[in-house]
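The values are calculated or read from the model by the stated rules, or taken from the named source; none is laboratory data. Fair warning: this is a prediction, and the values are worked out from it, not measured in the lab. Don't worry about glycine lacking a Cβ; one is built from the backbone with ideal geometry, like all the others, and counts go over all protein chains shown.
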């Protein structure tokens, strides 16, 4: 289920209008509307409040995301040798899409779970540090991945990911 569908469903199950939900979250009704249409996503603090309001465990969502990523990687590693030429590229693209979705979902769930554990007074500093580390990892990860891949080869690289 997409985030926009989940927000709509949970809001309706709780008999809340967009205006009522917006008031509880200290945002505008238009902001809630953009979540419902998928045009925007809530920030970390608002996601935390939403999880508490609707009594949703973000840790469960994180576990599911990791399991899906691991399963996709195992299937990819098992069947990659059965494909040749362009069909191998299609399999790689499918895996990369699944992996990217899973990683983004995991990052959001992880951030929200950490938010639940941290003192509210330190959330802004944590958010800043998190954004900085994400930026640094997005810069370094491709370079490290390419260096590791060129050093050990494809088979070891894939098994290392598993």
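Observations on the structure shown:
- The listed residues are 68, 94, 98, 134, and the only one of them that is under 30 Å from residue 8 (Cβ atoms), at pLDDT 75 or above and touching a helix residue (DSSP H, G or I) at 6+ places or on another chain (Cβ under 6 Å) turns out to be 98.
- Count - residues of the stretch 84-99 that are more than 18 Å from residue 157 (Cα to Cα) and more than 21 Å from the chain's Cα centre (by Cα): 5
- For residue 60, the conditions (1) modelled with pLDDT under 75; (2) surrounded by 12 or more Cβ atoms within 10 Å (Cβ to Cβ); (3) in a helix (DSSP H, G or I) all hold with the exception of (2).
- Hits in the stretch 37-55 - residues which are modelled with pLDDT under 75 and on the phi > 0 side of the Ramachandran plot: 38
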